[in-house]
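Report on the structure given below.
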Amino acid sequence: MLNRRAFLKTSGLALFSASLGGTPLFLGRAARAATNDSGYRRRKTLVAIFQRGAMDGLMAVPPVSDLSLKKLRPRLYMEASRVAADNAAIDLNGQFGLHPAFTPLLPFFREKRLAIVHGCGSPNSTRSHFDAQDYMESGTPGRKGTTSGWMNRAIGVMGHEVVTPFQAVAFSPALPRSLYGEHPALAVTDLKDFRVKVPGQGNLSQTAGKSFESLYQQTTQELLRGSGSDSFDAIDMLSDLAIDSYRPENGADYPNTPLGNSLRQIAMLIKNDLGLEIAFAESNGWDTHVQQGTNQGSFALRARDLARSINAFWTDLGSFQDNTVLMTMTEFGRTVRENGSGGTDHGRGSCMFVLGNQLDGGKVFGNIPEILSPDALADGRDLPVSTDFRSVFAAVAGSHLSISQQNDGILFPDWKGERLPLMKE
């Protein structure tokens, strides 16, 4: 029998999708309270997409003014073009281009709502996907013992008196490390089908049996800070959302992919005023060791899905764009020189995309070497990290979610850097 102490020691409550039908005995009447003066209507939302596998930043946003890249990547190099073309990078500013698969993001860059951060990554030099992802999600590069994620810590310093069970939601099969911690967070893959699990404890409905609701009632006050046992009525609220009949607005066209479906459901939660403040989604398949391709191939496939999904999400939001910022992240970049299999190997610096109406957009932030010569590269092979990912996360989350700069040390222990000036003053 799962006891109360073990229940509280887990890293928040998580909802995992299942094919069992039925619905979750979690979430709360707090969600239904979005229809009244609950205090969390129209809250600002940060949406994070983790590009797992390590995106090649030099393929996504190539330095079109550096001809040395053509020598280093004879099969992967694309010429620059001032207009979208099938096998050419779109010239953004004479120095950088944009991979043609990312064309759906180009209007946002032109409208100065999309910012790109290049040469971004971790100061830790690991080439392990697992370690690098853990460091980025915990916000503590090089420290393996961190038990909480930086997004969960962000929840703790926002200081709201009223907490909705929908405050932090990850659309993933498991709760990501970014949301590990003492503050409740949900992990779902589909809002229509749920079961309740606690990380490391198995299926709660199996572990606790019929006593689960009683156990939840004992702890709900502490876990949800006042949502109380009413949270068991969230099923009614989810039914009210008419998930099956939801139709995107403003002509938004989501791809029928895991990422597209995740962002579609995030948009639905945002537009229904449920107090969503942190949303997390995943884009997998960026480990391009073999046959990376140019306008066709594994990279273009992933890039096209990412760009189409983001474009549909942003279009669907309509007036809710003003309260939303979207940010991508990836654990590290790829080698500057292509390998013998027409791909790239694990590297260091990559790039991130940040989208929002409050952004100082239409710019490529960060620094990369003017000439990608071996002497200018990390370990003679990689794009060096010139911008610590924490300066991006702190700038976006801090400004958008109104987290004081004094709390940067809580979000990112031992970090003494400065926030990147991404937002409009």
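The values are calculated or read from the model by the stated rules, or taken from the named source; none is laboratory data. All figures in this text were calculated on a predicted structure; none of them were measured in a lab. For neighbour counting, all protein chains shown are included, and Cβ atoms are generated from backbone atoms with ideal geometry for every residue, glycine included.
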**Prompt:** Restricting the search to segment 40-79, which residues are buried (at least 19 other Cβ atoms within 10 Å of the Cβ), of a type outside the set (S, T, Y) and assigned to a strand (DSSP E or B)?
**Reply:** L46, V47, A48, I49, F50, Q51
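Given the criterion surrounded by fewer than 23 Cβ atoms within 10 Å (Cβ to Cβ), free of Cβ contacts under 8 Å to residues at least 12 places away in the same chain and within 25 Å of D375 (Cα to Cα), identify the matching residue among G297, G340.
On the way: G297 fails: within 25 Å of D375 (Cα to Cα).
Going through G297, G340 in turn, the sole match is G340.
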**Complete:** Across segment 81-129, the tally of residues that are polar (S, T, N, Q) and over 21 Å from W286 (Cα atoms) stands at 3
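Mind counting the residues in segment 159-173 that are aliphatic (A, V, I, L, M), over 14 Å from the mean Cα position of the chain (by Cα) and modelled with pLDDT of 90 or more?
0
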**Prompt:** Which one is nearest to V364 (Cα to Cα) among residues in segment 396-420 that are loosely packed, with under 15 Cβ neighbours inside 10 Å and touching a helix residue (DSSP H, G or I) at 6+ places or on another chain (Cβ under 7 Å)?
**Reply:** E418
**Residue in segment 122-130 that is in contact (Cβ under 8 Å) with a residue 24 or more places away in the chain, in a helix (DSSP H, G or I), surrounded by fewer than 23 Cβ atoms within 10 Å (Cβ to Cβ) and at negative phi present** = yes
**Message:** Looking at segment 342-355, can you tell me whether even one residue there is acidic (D, E) and either part of a strand (DSSP E or B) or within 25 Å of A303 (Cα to Cα) (or both)?
**Reply:** yes
**Message:** I need every pair where a residue in segment 231-260 that is on the phi < 0 side of the Ramachandran plot and among the charged types (D, E, K, R) has its Cβ under 9 Å from the Cβ of a residue that is modelled with pLDDT under 95 and outside any helix (DSSP H, G or I), sequence separation at least 6 or different chains.
**Reply:** D233/L27; D233/G28; D240/N272; D244/K192
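Go through segment 380-403 and give me each residue that's part of a loop (DSSP other than H, G, I, E, B) and without any contact (Cβ under 8 Å) to a residue 40 or more places away in the chain. Steps first, answer last, please.
Within segment 380-403, the subset part of a loop (DSSP other than H, G, I, E, B) is 380-381, 383-386, 401-403.
Once the filter is applied, which keeps residues that are part of a loop (DSSP other than H, G, I, E, B) and without any contact (Cβ under 8 Å) to a residue 40 or more places away in the chain, segment 380-403 yields only G380.
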**Item:** Checklist (1) touching a Pro at 6+ places or on another chain (Cβ under 6 Å); (2) over 16 Å from L355 (Cα atoms); (3) assigned to a helix (DSSP H, G or I) applied to N295, failing item
**Value:** (3)
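Can you tell me which residue in segment 270-294 is surrounded by the fewest Cβ atoms within 10 Å (Cβ to Cβ), limited to those that are farther than 20 Å from F332 by Cβ and under 16 Å from the mean Cα position of the chain (by Cα)?
I278
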**Item:** Breaking point among (1) within 27 Å of A281 (Cβ to Cβ); (2) modelled with pLDDT of 95 or more; (3) among the charged types (D, E, K, R), for K424
**Value:** (2)
**Asked** outside any strand (DSSP E or B), in contact with a Ser or Thr (Cβ under 7 Å, 6 or more places away or on another chain) and in contact (Cβ under 8 Å) with a residue 60 or more places away in the chain: does that describe N367?
**Response** yes
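In this structure, is R390 within 15 Å of G121 (Cβ to Cβ) and surrounded by fewer than 21 Cβ atoms within 10 Å (Cβ to Cβ)?
Working: within 15 Å of G121 (Cβ to Cβ): yes; surrounded by fewer than 21 Cβ atoms within 10 Å (Cβ to Cβ): no.
Judged against the criteria, R390 is not a match.
Consider R348 carefully, then state whether it is at pLDDT 95 or above, of a type in the set (K, R) and surrounded by 23 or more Cβ atoms within 10 Å (Cβ to Cβ).
Details: at pLDDT 95 or above: yes; of a type in the set (K, R): yes; surrounded by 23 or more Cβ atoms within 10 Å (Cβ to Cβ): yes.
Considered against the rule, which asks whether it is at pLDDT 95 or above, of a type in the set (K, R) and surrounded by 23 or more Cβ atoms within 10 Å (Cβ to Cβ), R348 comes out as yes.
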**Request:** Name every residue in segment 313-337 that is within 20 Å of A115 (Cβ to Cβ) and surrounded by fewer than 20 Cβ atoms within 10 Å (Cβ to Cβ), in order of residue number.
**Result:** T315, F320, Q321, D322, N323
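Of all residues in segment 353-387 being more than 22 Å from M59 (Cβ to Cβ) and charged (D, E, K, R), which is farthest from the chain's Cα centre (by Cα)?
Applying the first criterion (more than 22 Å from M59 (Cβ to Cβ)) to segment 353-387 yields 356-360, 375.
Pick out the ones that are also charged (D, E, K, R) and you get 360, 375.
Values: D360: 20, D375: 33 Å.
Taking the candidates together, the pick is D375.
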**Fill in**
Looking across segment 235-259 at residues that are buried (at least 20 other Cβ atoms within 10 Å of the Cβ) and at pLDDT 95 or above, the single one that is nearest to R177 (Cα to Cα) is L259
